[in-house]
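Worksheet for the structure shown next.
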Number of protein chains: 4
Amino acid sequence: MSGNSFGKLLKLTSFGESHGAAIGGVIDGFPAGFEINFDKLKSEVGRRKPTKSSFSTQRNEDDEVEFLSGIYQSKTLGSPIAFIIRNTDAQAVDYEKLKHIFRPSHADFVWQEKFKIRDYRGGGRSSARETVARVVAGALAQQFLEKQNIKIVAVVTSIGKIKGKLLTTIPTKEEVDSSILRCADKEAEILMIDYLQNLKAEKDSAGGTVSAYISGLPIGLGEPVFDKFQARLAAAMMSINTAKGFEYGEGFASAKMKGSEHNDYFTTESGKIHTSTNHAGGINGGISNGEIVNFKVAFKPIASIGKIQKTVDDNGNQVDIEISGRHDLTVLPRVVPIVEAMTALVVMDLLLLMKTNK
Amino acid sequence: MSGNSFGKLLKLTSFGESHGAAIGGVIDGFPAGFEINFDKLKSEVGRRKPTKSSFSTQRNEDDEVEFLSGIYQSKTLGSPIAFIIRNTDAQAVDYEKLKHIFRPSHADFVWQEKFKIRDYRGGGRSSARETVARVVAGALAQQFLEKQNIKIVAVVTSIGKIKGKLLTTIPTKEEVDSSILRCADKEAEILMIDYLQNLKAEKDSAGGTVSAYISGLPIGLGEPVFDKFQARLAAAMMSINTAKGFEYGEGFASAKMKGSEHNDYFTTESGKIHTSTNHAGGINGGISNGEIVNFKVAFKPIASIGKIQKTVDDNGNQVDIEISGRHDLTVLPRVVPIVEAMTALVVMDLLLLMKTNK
Amino acid sequence: MSGNSFGKLLKLTSFGESHGAAIGGVIDGFPAGFEINFDKLKSEVGRRKPTKSSFSTQRNEDDEVEFLSGIYQSKTLGSPIAFIIRNTDAQAVDYEKLKHIFRPSHADFVWQEKFKIRDYRGGGRSSARETVARVVAGALAQQFLEKQNIKIVAVVTSIGKIKGKLLTTIPTKEEVDSSILRCADKEAEILMIDYLQNLKAEKDSAGGTVSAYISGLPIGLGEPVFDKFQARLAAAMMSINTAKGFEYGEGFASAKMKGSEHNDYFTTESGKIHTSTNHAGGINGGISNGEIVNFKVAFKPIASIGKIQKTVDDNGNQVDIEISGRHDLTVLPRVVPIVEAMTALVVMDLLLLMKTNK
Amino acid sequence: MSGNSFGKLLKLTSFGESHGAAIGGVIDGFPAGFEINFDKLKSEVGRRKPTKSSFSTQRNEDDEVEFLSGIYQSKTLGSPIAFIIRNTDAQAVDYEKLKHIFRPSHADFVWQEKFKIRDYRGGGRSSARETVARVVAGALAQQFLEKQNIKIVAVVTSIGKIKGKLLTTIPTKEEVDSSILRCADKEAEILMIDYLQNLKAEKDSAGGTVSAYISGLPIGLGEPVFDKFQARLAAAMMSINTAKGFEYGEGFASAKMKGSEHNDYFTTESGKIHTSTNHAGGINGGISNGEIVNFKVAFKPIASIGKIQKTVDDNGNQVDIEISGRHDLTVLPRVVPIVEAMTALVVMDLLLLMKTNK
C-alpha cells in the first residue's frame, strides 16, 4: 500500500485504522512562523463529528487532537506538524461477527484480496474515520489561506432526489452551519429531513451532493498540463470515501452547451481584467483566472445499512447480513468540512508552488 | 511551471508547444523486454488526427512519431523511451493577430498573468496539440495491458443535447471507429451529424460526453486512501483540455439512490466471488473489485469559435475577436483516444505499483 | 521546510523536535502480512541509546516505541505504520541560556536565518534525537530484509586518529556489540578508550569512521542513472547528523589506482558469474552485482563541547559560550545502528522497486 | 528502470543510449522569462567534449544541442525545456564483438541480469555519454544562478597519486580551462601529463579527484533532515559514472579532528554574522551558512583499458578481452563540467524550494 501522502509542497501523510490506537497525520512543508488559532481548529474538527441529530452515528468521536511536533508557543516552526487523535470509543465487539463476511459495497473483499490480511474492525484503514486527519490538516491550511483572504466554503445542495434551489450568493460557513443538514435552502432542508426520517425507518441510507466555492484566489494557481487546478481538485474530491462524481463550473451541463453560450467574455472593470460571466468555474486552461472557483461533488448512499442484505463470507458461501453498527444515514452533512479541508490542501499546495514559477 | 510529469512508477514527462519545434514525451519506468507493435502504435496515434470530416480542423497533423531512446530492435530496454513529433504544419502567421488579444475562455490571459511571457501561437503549451504525447505513451501502455488481457475502450455517448442510447454491451474499438463520430448508437449519430452541421453554419462549437470501460482488470488495483483508483482516473481525465466533469459507476445519479438500491451484493460463480450488479463501477474503497470499471467524462464546447466575440487586449481595452484559425467543431470524437490513453497510463501505473504490495 | 520523507516505495516520514512532545515516524509502503518481532525491534532501538560508558550523554533516553497504526496482531496490514517515542527526559531548562546564542558549528544560526523562528531547546528539529525515528523504521526494514537473507552490519573503524586494523571478515552484529565502542579491533579499542578519556578531561570531542557491509543482495538493485545504488546510499548517509564523507568500494583510494589494478575480473564459480576481486564494492554502473556492498562514512567531532568557545548572540554581539548540556563525546559508536537503519531503508526501497522492472 | 529524473522543483529527466538516435533531456520547473545565452551554453557543453589531447577518446562528439520546446525568442516560457543531441559519430561496429562479453567493471553484466536485454553498443544507457544531458541542463541552471551571483567552479585536484597543491584562492573557470587537465597547479600538471603518457603506453587508465566551490550562496539552502544540502550534493555526485567518494568541508579528515579544532566560531563583520574559519564547508545542519560551500569527489580509473583482461561471456565461459574502442585515459578533466552541472541543478532546486519556506 502506498498513497497515504497528499500534496507536493504542502504534504499531508495520513495514518491510522478505525479501531487502531489512533488516527493521525504529518504535515510537511507548512511555512514557519504562522500562528495557529487552536480554538478555531478545534471547532473546525468538531464540524466533522457526528451531529446530535438522529441521522448520525452515535459513536462518540471526541476527536481530541494532540499535536506532537512542528509547533512551538503556538507558532509553526517550519518542521513537520504531527498530530494524533486517539480512537477512544472504538467498540470492536460490534465487528467481530463481520470478521469473515464481506459487507456489500464495502472495501472488505478487495482489501482481503489485495493484502491477504485485514483489520476488519470498522473497515480498518478504509473507514471514513481516516478523514479526521484530513480535516485537521485542512483546518490549518484554511487558517493560512484566510490570512491571504482566500475563503473556502462548501454546502449541501441535494440529498437523495431533493435539491436545494440554486444559490445566488455564496453562503458563509456560519450560514451553512445554521442548518442541521448544512443545506442553505431552508425549504429544501425540511423535505430532506423528512426523507431521512423515512429512510431511517426503512433502515436505508441516502446520497447527495455538495457544492464548494473558493473566493479570493489570485490569478495563476494551477499548472497548465497534468497539474491543472481542476485535476488536483478532482483527485482530492474523488479520494474522499463515497464520492462518485466531480464537476466544476458548468460541469456536465457544459457538454450540452454551445461554445457561444459557454464562453466567458473578458472585460475590464476598475482597471482589472475579469470575465463577465463565470461558466468556466474560475479556471482557464488549468489555471485560476481570478473569478470564484466552484465545483460540485456527488456522494453515493452509505453502504452500511440495517436492511438484511445478501453477500458471501470469505469462503465464498452465500450468507445474509444485517449491519447493526453505529452508522450515519448519509455522509452529508458531515462530508462538508472534509470537502473544505481537501480543497484547502490543494489550494495551499498550489499557492506554495506558484511562488516558484517566476 | 511544473506538473509536466504524470504517474509514479510509469511516468510520462510531456513537453512541447503547439507551434514550437516539436511535441514529445519521455516514458520512464516501462518494463524491459516488451516488444512494440509499431504498426498498431501508428494506427492508434492516427486515431487522434483530425478526421476527414468537415467538423475537424484542416490542420494537417501528420504526427510522425520518432523514437529516440529506450527501444532496441523493437524491444523496450527498460530505459526511458523518448519520442518526438515534429510540428510540421504550424502556420504561425494565423496567430500573429492574436499576439495581444486574450481569446475568451482560453488560457491566454491566465498564462500571461502567471508567467508574464507566452508563446501566443496556437495556445503554446496550453494547446490540445500537447495531448499527442499522451496518445503515444498511452498506446504503448495499452499494448502492454492487452498482453495481460486488460482492455480499454472509450466511446462518444453524447454531443450537445443528443444522447446515444444506453449501451448494453461494451463496444470494441473497431465498432467505435466504424462511426465517424465514434458514437456506438448509429441513430443518435445521424442527429449528431445534423447538429454539428448546423453549428458549423453558425460558426459555433459543441460539447459532449465520453464513456470509458476497462475490462480484464485483476482485483486489487488502486490504493485505499489518496491514490484511490477513481482519484487517479479523475485526475487523469480532468487534466485533458476542455474536460469539465468526471463520474464513475452510477456517478451523479448515485446521489439520488438509496443504499439498498446502490449496493452490489456479492455472489459466487464458478468458485469466484463477484458482484451481482455493478453500480459501483468496478471499484470498492478505491480498489478494483474485478468487475468492469466504467466512467464518464464531460467535455465543454471548444472555446475557439468563428463567431464574433467580445474580449480585451493585453492593455485591457475592449475589442472584438473573430477566430479564423483551423479549429475543430468539437473535441468529440478526437478526444476518445486521449481518454483511452490517459486511462491506460493510470492502469499500468497502478499495476506496477500492485507488484510492490505483497 | 520539506524533505522529511525518505524513500520512494518504502517511504519514511519523520517528525519531532528534541524537546517537543514526541519524535516519530510514518512508514508507507511496507508490504502487508509481515510478522514483526517486537523484542528484536526493541533491542535494535536500544542500540542507539546512550551507552552506560562515561563517553555518552547521561540523558536518559528510554525510547519506548508506541505503534499507532499499520499493525494488527503483530502483522503489518499494508497500511502506514505510525509510531511515536515520547520525549520524557527533556530538560528544557538546560537550554534556556542558549535561547539567544548561536552555538559554534550548530544549526542554530542557519535555522534562525532560514525560518526566522526556532525551537532552541536542544537543537529542536536539528537534534540528532531525530534519528531515533530512522532506527525504528530501519529496524523493521532489517527484519524484512533478513527474511530474504540480506544482512547489514556496520562497525566503527576509527576514532580520532586511531584506526582499527583492516577487517578480513565481516563481523556479526553480536561481535560488534561485544565492543563498548562497536569497534571490531580490540587492540585499537583500548587506544580509543584512552583517547576518549583524555578528550573528556579536555572537555573536547572526537570524530571517527564507520564501515558498513551488505551481504546476501540479489543482482540488480539500483537504477542506472540518477538512482544509482551508491547515490541513494550516499544521500542516506550524508543525511545523518555530523556525517562529512562517504565512499564505497575502494573509495578515495581508487582515485590513485590504475584501471588494471581496480578492475574486477568476472569469473564463473559453481555455475554463477561473480567477480574475483571486489574493488567495486559490490556495485557496477549503479547496480548491485551480487558481491558484498561495502562503504565507509566519516563523522566529524561533535560540535557540543564543554570548552569555552567564542561565538555571537542573535544580535551579532561577541560572547563566550560554555556548553554544559548532557552530550556525547563522540557520535561513534551510537551512530552504528543509524548507519544500519538508513542502509536498510535504501535497500528495501530498491528491492521493492526492482519488482517493477520486469 | 526508473530514476531518470533528478530534482524536485527543478527537475531534469534524462534519456538516451550511447548509440541510439539521441541523448536528451527535459527540464521542468525552470522559471519563465529567463533569457538564455546560447553562445555561453554552447561553450559550456563544449567543455565536456573530448579534448584535443591524446588522452581523450577520438570519438568526435559534436554535441549539437537542439532545443525543442520551452523557449521562445531566446526566453524561457515556464514550460518544459526539451533538448536533444543526436548521436552522429556512433560506430556500432566497434561493439559487435562485445555483444556476448561482459567487460570487467562495466555495467554489462548487471544490466543483463537486471533487465534480461541490453543495448550492448557502447554501454547503452550506462555510458557516460548520458552525462551530456546533465551538462546542458546544468549550463542553463548556471546561467540562472550567475544572475544571482552564485558561482560554481570545479577543478582537478589530483590524477593518480599526483596531487595538486592546496588552493589558497578559488580559481575562475577561465583559470581552470587554461590548463589542459583543468588542474590549477601547473607544476602538478606537468607530472600528471607525464603520468598519463606512461599509462597510455601501458594501455591503462587513471583516476583522480575534483574539488568544487560554490560562492555567493544565500543563507538557508538545504532542508534540515533528509534533504540536507550535503545529502543532495552527495546523491548528485555519486550519480556520476565512476564517482567513488564524496566529502565536503574537512570531509574524511574531520574524523581525525577534535571538536575544538573543527568548530567554526561565529563572528560579526560589517554587521553580518559569519564564521571565522570554514571547516564546515559552508553548511551547518544541512543548511548553507553563507560561507563558501566546498566539496571533493573521487573518481576511479576508467574501466575500459586496452590491456588484455580476463572475463566471461554471457554463457559464463572464461574469455580474454582487449577493449579497442575509443576511450578516455581518465574521466578527469572531462568530468569537471559534469560536476559543475550537477552542482548547479542541486543549488537551483534548493533555491526554488527556499522560496516556499516562509
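The values are calculated or read from the model by the stated rules, or taken from the named source; none is laboratory data. Note that the structure is predicted; figures quoted are calculated from it, not measured. Cβ sites come from the backbone with ideal geometry, for glycine too, and all protein chains shown count toward neighbours. Note: areas computed on protein heavy atoms with side chains; ligands, DNA, RNA excluded. Shrake-Rupley method; radii C 1.70, N 1.55, O 1.52, S 1.80 Å.
Quick check for me: using +1 on Lys/Arg Cβ and -1 on Asp/Glu Cβ, what's the dipole size of the protein assembly as shown about its Cα centre, in debye to the nearest 20?
Working: 180 positive and 168 negative charges, 0 e Å.
Taking the Cα centre of the protein assembly as shown as origin, the dipole is about 0 debye.
When the solvent-accessible area of the protein assembly as shown is split by element, carbon and sulfur atoms take up 50 percent of it, the probe being 1.4 Å. In terms of accessible area, using a 1.4 Å probe and ignoring ligands and nucleic acids, B:Thr268, A:Thr76, B:Thr157 rank largest first as B:Thr268, B:Thr157, A:Thr76. Of all the options B:Ala141, B:Ala298, B:Ala21, the one that moves most in a Gaussian network model of chain B with Cα springs shorter than 10 angstrom is B:Ala21. Could you state, as a whole-number percent, how many of the C-alpha pairs of region C:184-237 are farther apart than 17 Å? Summing the P(r) tail past 17 Å for region C:184-237 gives 60 percent. Spatially, region B:261-326 and region D:217-246 are offset by 43 Å when compared through their Cα centroids.
Projecting the Cα positions of A:Ser14, A:Tyr120, A:Thr168 onto the charge dipole of region A:5-357 (unit charges on Cβ atoms of Lys, Arg, Asp and Glu, taken about the Cα centre) puts A:Tyr120 furthest along the positive direction. Each of C:Phe83, C:Thr242, C:Ser69 was scored by the projection of its Cα onto the charge dipole of region C:5-357, and the greatest displacement toward the positive side belongs to C:Thr242; charges sit on the C-beta of Lys, Arg, Asp and Glu.
Pairs of Cα atoms nearer than 8 Å and 6+ residues apart set the relative contact order; for chain D it is 22 percent. Placing unit charges on the Cβ atoms only, positive for Lys and Arg and negative for Asp and Glu, gives chain B a dipole magnitude near 340 debye about its Cα centre.
Relative to the longest principal axis of the Cα atoms of chain D, helix D:229-238 runs at roughly 10 degrees. Residues of region A:300-330 that bury at least 50 Å² of accessible area when the other protein chains are present, relative to the chain alone (probe 1.4 Å, heavy atoms, ligands and nucleic acids excluded): A:Pro301. In the protein assembly as shown, the ratio of gyration radius to Kirkwood radius, Rg to Rh, stands at 0.96 when only Cα atoms are counted. Using the alpha-carbon atoms, what tilt in degrees (0 to 90, nearest 10) does helix D:131-146 show relative to the longest principal axis of chain D? The answer is roughly 20 degrees. Taking the helices alone, chain B has a mean residue ellipticity at 222 nm of -7500 deg cm²/dmol, built from -39,500 (n - 2.57) per DSSP H run of at least 4 residues and averaged over all its residues. When A:Asn37 is represented by a point 7 angstrom out along its Cα-to-C-beta vector, the spacings to that point in the other copies are 5.1, 5.3, 6.1 nm, nearest first.
Name the residue, out of D:Met237, D:Met342, D:Met257, whose mean-square fluctuation peaks in a Gaussian network model built on chain D with Cα pairs under 10 Å. Between D:Met237, D:Met342, D:Met257, it is D:Met257 that shows the largest mean-square fluctuation. Just to be sure I understand the curve: with the Debye formula and one point per C-alpha of chain A, what is log10 I(q)/I(0) at q = 0.06 Å⁻¹? Taking Cα atoms of chain A as identical point scatterers yields -0.23. Between C:Lys147, C:Lys228, C:Lys200, the residue with the greatest mean-square fluctuation in the GNM of chain C (Cα pairs under 10 Å linked by springs) is C:Lys147.
Helix D:186-202 and the longest principal axis of the Cα set of chain D meet at an angle near 20°. Peptide packing: for A:271-280, C:272-281, A:312-321, the average count of neighbouring Cβ atoms within 10 Å per residue gives the ranking C:272-281, A:271-280, A:312-321, highest mean first.
Rounded to the nearest 10 square angstrom, A:Phe246 shows an accessible area of 0 square angstrom against a 1.4 Å probe. Inter-chain neighbour count for D:95-104: the average number of beta-carbon atoms from partner chains within 10 Å of each residue's beta-carbon is 2.
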